[in-house]
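Peer 1: Below you'll find the structure I mean.
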Amino acid sequence: MINALPFPSKPDKLIENRRIYGGKDVEFSIYDTFQTCQLVELTANNPLYCGMITGRKVIHMDERTVFEFVPDESLVVPSGKTIHIDFPDAEMNKPTQCVTIEIDRDKVQEIVGRLNEQYPRMQDSGEWEFSDRHYAHFSNTNRLNQNLDHIIHCFTDEQPYRDVLIDLNTSRLIIHMLQSEARRILLDSSLKSSASNGLQAVIQFIRANLHTRIAIEQLEKIACCSRASLYRYFQQEMGCSPVEFITRERMNKAAIQLRKGDSVTQTCYEFGYQSVTHFSQTFKKTFGVTPGQYRISFRS
């Protein structure tokens, strides 16, 4: 989880107070909101990455698509798309904070071309392609959080080689964005009755068996490939290993159950953990808080 950045002692605005840091091909902003409000507009001329740091937002992509946006999650908004945001919990002593990174489209296309040339996707998955027509909303991996930490420090700290480091870490962020596109397609396809390639079949199997032990050997057989190939394709397409993906899926489902009011013990055993201590440690590593703290925060 990304740590909160220092809040301004005297903000210019109580709603979406913005601090801007520029760089080549990219603009980094920190938004702090200190009071509840509804339907605040946000639009960018280029693809816009959004990362939640503290608090909670409700995103209105359109009249029919509304969802919560919370810490340890990311949102990619297409160029020129206007979204509306509610801030249901923001207060002076508990502000909502997020960061945005607006990236020039030419920079995105440059990275797309390099990936297709040097790291082609799995057979039947098509080429790498960034869709600037659809949004992507996804949970962060540990690697993405580390990448965001580096980007934040590059922009907010004075350090040598600043521009080079910004370019390097922005390129990594674009790869995460592209993986989120691939992940969205793969995850959506895995909900269908049949999968069109080995990786989709593996994801389908994992999602159907989160409550039981899943062996890597099972996944190798389903994907019809070696362990090394399976790990390579997961890293390229999903940005994580198969084990990390299984853990993340379990933790996301566990978080939903805790928000509904299920007990920590009940949730632990429901998702195949034999030890509440192990489950709590894994949950805290994923979300930055214990399952008990997470449950209480939503019930309150």
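Readers should treat all values here as calculations from the given coordinates under stated rules, not as data from a laboratory. Since the model is a prediction, treat every value here as computed from it, not as a measurement. As a convention, Cβ positions derive from the backbone with ideal geometry for all residues, glycine included, and neighbour counts pool all protein chains shown.
Peer 1: Take the cross-link list LYS24/LYS94; LYS57/LYS81; LYS57/LYS284; LYS24/LYS284 and give me the ones stretching past 29 Å between alpha-carbons.
Peer 2: LYS24/LYS94; LYS24/LYS284
Peer 1: If you wrap the chain's Cα atoms in a convex hull and average its projection over all directions, what's the area in nm²?
Peer 2: Numbers: hull surface 66.1 nm².
Computed as one quarter of the Cα hull surface, the answer is 16.5 nm².
Peer 1: Here's something else I'd like to know. Please give the Cα centre distance for the stretch 233-300 versus the stretch 156-174, rounded to the nearest Å.
Peer 2: The stretch 233-300 and the stretch 156-174 have Cα centres spaced 32 Å from each other.
Peer 1: Oh, and also: Okay, helix-only estimate at 222 nm for the chain: each DSSP H run of n ≥ 4 adds -39500 (n - 2.57), divide by all residues, round to 500 deg cm²/dmol; what do you get? Intermediate results must be reported in sequence, preceding the final value.
Peer 2: Values: 10 runs with 136 residues, N = 300.
Computed ellipticity for the chain at 222 nm equals -14500 deg cm²/dmol.
Peer 1: Placing +1 at every Lys and Arg Cβ and -1 at every Asp and Glu Cβ, with all other atoms neutral, what dipole size does the chain have around its Cα centre, in debye to the nearest 20?
Peer 2: On the way: 35 positive and 37 negative charges, 215 e Å.
Approximately 1040 debye in magnitude.
Peer 1: Using only the alpha carbons of the stretch 77-182, determine the length spanned along each of the three principal axes and report them from longest to shortest in whole angstroms.
Peer 2: Principal-axis extents of the Cα atoms in the stretch 77-182, largest first: 51, 37, 27 Å.
Peer 1: Follow-up. Semi-axes of the equivalent ellipsoid of the stretch 20-89: what are they in whole Å, largest first, if each equals the square root of 5 times a C-alpha gyration tensor eigenvalue? Don't skip to the answer; put the middle values down first.
Peer 2: Working: eigenvalues 79, 47, 24 Å².
Each semi-axis is the square root of five times an eigenvalue, giving 20, 15, 11 Å.
Peer 1: Still on this structure: In whole Å, what three semi-axes, largest first, describe the equivalent ellipsoid of the stretch 198-299 built from its Cα gyration tensor (square root of 5 times each eigenvalue)? If you can, show how the numbers build up before the last one.
Peer 2: On the way: eigenvalues 156, 34, 24 Å².
Output for the stretch 198-299: semi-axes of 28, 13, 11 Å.
Peer 1: Considering every pair of different Cα atoms, what Kirkwood radius, in Å, is found for the stretch 1-141?
Peer 2: Numbers: mean 1/r = 0.0615 Å⁻¹.
After inverting the pairwise mean of 1/r, the radius is 16.3 Å.
Peer 1: OK, next. Would you tally the net charge around PHE283, using a Cβ to Cβ cut-off of less than 15 Å, leaving PHE283 out, and scoring K and R as +1, D and E as -1? Let's see the in-between values first.
Peer 2: Numbers: positive: ARG248, ARG250, LYS253, ARG259, LYS284, LYS285, ARG295; negative: ASP72, GLU244, GLU249, ASP262, GLU270.
Net of charged neighbours comes to +2.
Peer 1: Here's something else I'd like to know. If you take every residue apart from PHE271 with its C-beta less than 9 Å away from the C-beta of PHE271, what net charge results, scoring Lys and Arg +1 and Asp and Glu -1?
Peer 2: Values: positive: ARG250, LYS253; negative: GLU270.
Neighbourhood net charge equals +1.
Peer 1: What's the longest uninterrupted piece of the chain once you rule out the GluC sites (Glu not before Pro) that are loop residues per DSSP with at most 16 other Cβ within 10 Å?
Peer 2: Numbers: sites that count: GLU63, GLU127, GLU129, GLU158.
The reported range is 159-300.
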